[in-house]
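Below is one structure, written out as structure tokens; comments come after it.
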Amino acid sequence: MLFDNLVNDYEAWFEKHPEIYEEEIKTIKTLLPEGKGIEIGVGTGRFAAPLGIKFGIEPSKEMGEVAKKRGIEVVNMTAEEMDFKGEFDFALIVTTICFVKDPLKTLQNTYKVLKKGGFILVAFVDLNSPLGRFYEKHKQKSKFYKEATFFTKDDIIDLLSKAGFDDFECVENLYGKNLDNLSFGINKCNGGAFKVIRGRK
């Protein structure tokens, strides 16, 4: 499992970049609905915990153990294996879609776990942004992104549509190509790196 041996490095990234982390949380919150939520690929609970999401799935046992310490109920499975039926008001996927083996099946399974009228939120680094292009160019040197497949906004909307979602909204943040010199601001989607797309079942 890719992230089993990277828990400490993953946690350290957020400690090193607290402002970026805070901006990502704020951006997700702008589209986050109320109700019972699940995070797909909950990791160490870095997003679920501050967003009030109490349940998640995570294939990495080591990461899941950290999430449990943050008060998250974690089931050890992949998104492709997920089989809950209509239990949740919303589902959150944060920078996980670029790591799953089958993105469409992941989104189709997420559709199934949602109640009718439920929401999906997909947060990701846009390949068409300066930061996304930088990550793609240098991903072989990255502990985290060497196995990633980056997507554009249109790619994600196309996948979501194929999975059955519609009524899309998109917001973004993080501008620039260098983590140490980013500007911030939540806007409708255009050239920002960190995008959140919300769709409805």
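The values are calculated or read from the model by the stated rules, or taken from the named source; none is laboratory data. What you see is a predicted model; the values in this text were computed from it and never measured. Cβ coordinates were reconstructed from backbone atoms using ideal geometry, including for glycine residues, and neighbour counts include every protein chain displayed.
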Query raised in the report: Does segment 133-143 contain at least one residue that is assigned to a helix (DSSP H, G or I), closer than 23 Å to LEU107 by Cα and in contact with a Ser or Thr (Cβ under 9 Å, 6 or more places away or on another chain)?
Result: no
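Here are some residues: GLU11, GLU24. Which one is farther than 20 Å from PHE184 by Cα, in a helix (DSSP H, G or I) and under 17 Å from the mean Cα position of the chain (by Cα)?
On the way: GLU24 fails: farther than 20 Å from PHE184 by Cα.
Criteria check complete, one pass: GLU11.
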Report summary line: Counting only residues in segment 120-151 that are in contact (Cβ under 8 Å) with a residue 60 or more places away in the chain and among the aromatic types (Phe, Trp, Tyr), the one surrounded by the most Cβ atoms within 10 Å (Cβ to Cβ) is identified as PHE124
Query raised in the report: Of GLY185, GLY117, GLY191, GLY86, which residue is surrounded by fewer than 16 Cβ atoms within 10 Å (Cβ to Cβ), assigned to a strand (DSSP E or B) and in contact (Cβ under 8 Å) with a residue 12 or more places away in the chain?
Result: GLY117
Query raised in the report: Of (1) assigned to a loop (DSSP other than H, G, I, E, B); (2) hydroxyl-bearing (Ser, Thr, Tyr); (3) at pLDDT 95 or above, THR149 satisfies all except one. Which?
Result: (3)
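Looking only at residues that are in a loop (DSSP other than H, G, I, E, B) and touching a helix residue (DSSP H, G or I) at 6+ places or on another chain (Cβ under 8 Å) in segment 61-77, which one is farthest from GLU11 (Cα to Cα)?
Pass one, segment 61-77, residues in a loop (DSSP other than H, G, I, E, B): 70-72, 76-77.
Filter once more, so that each one left must be touching a helix residue (DSSP H, G or I) at 6+ places or on another chain (Cβ under 8 Å): 70-72, 76.
Values: ARG70: 13, GLY71: 16, ILE72: 16, ASN76: 19 Å.
Among residues in segment 61-77 that are in a loop (DSSP other than H, G, I, E, B) and touching a helix residue (DSSP H, G or I) at 6+ places or on another chain (Cβ under 8 Å), the one farthest from GLU11 (Cα to Cα) is ASN76.
Check segment 158-173 and report whether any residue there is at pLDDT below 95, outside any loop (DSSP other than H, G, I, E, B) and out of contact with any helix residue (DSSP H, G or I) (no Cβ under 8 Å at 6 or more places or on another chain).
Just the residues of segment 158-173 that are at pLDDT below 95, to begin with: none.
Within segment 158-173 (the criterion being at pLDDT below 95, outside any loop (DSSP other than H, G, I, E, B) and out of contact with any helix residue (DSSP H, G or I) (no Cβ under 8 Å at 6 or more places or on another chain)), the answer is no, since none of the residues qualifies.
State yes or no: is THR30 surrounded by fewer than 18 Cβ atoms within 10 Å (Cβ to Cβ), closer than 25 Å to ILE156 by Cα and out of contact with any helix residue (DSSP H, G or I) (no Cβ under 8 Å at 6 or more places or on another chain)? Break it down into steps so the answer makes sense when it comes.
Working: surrounded by fewer than 18 Cβ atoms within 10 Å (Cβ to Cβ): yes; closer than 25 Å to ILE156 by Cα: yes; out of contact with any helix residue (DSSP H, G or I) (no Cβ under 8 Å at 6 or more places or on another chain): yes.
It is true that THR30 is surrounded by fewer than 18 Cβ atoms within 10 Å (Cβ to Cβ), closer than 25 Å to ILE156 by Cα and out of contact with any helix residue (DSSP H, G or I) (no Cβ under 8 Å at 6 or more places or on another chain).
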Query raised in the report: Only one of these conditions is not met by LEU159: (1) surrounded by 13 or more Cβ atoms within 10 Å (Cβ to Cβ); (2) touching a residue at least 40 places away in the same chain (Cβ under 8 Å); (3) more than 17 Å from the chain's Cα centre (by Cα). Which number is it?
Result: (3)
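Does segment 94-101 contain at least one residue that is assigned to a strand (DSSP E or B), of a type outside the set (Lys, Arg) and modelled with pLDDT of 95 or more?
Start the filter on segment 94-101 by keeping residues that are assigned to a strand (DSSP E or B), which leaves 94.
The next check asks that each one be of a type outside the set (Lys, Arg); those that pass are 94.
Within this subset, residues satisfying the condition of being modelled with pLDDT of 95 or more are 94.
Yes, because at least one residue in segment 94-101 is assigned to a strand (DSSP E or B), of a type outside the set (Lys, Arg) and modelled with pLDDT of 95 or more.
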**Report entry** Among (1) in a loop (DSSP other than H, G, I, E, B); (2) surrounded by fewer than 23 Cβ atoms within 10 Å (Cβ to Cβ) - the single one GLY45 does not satisfy
**Finding:** (2)
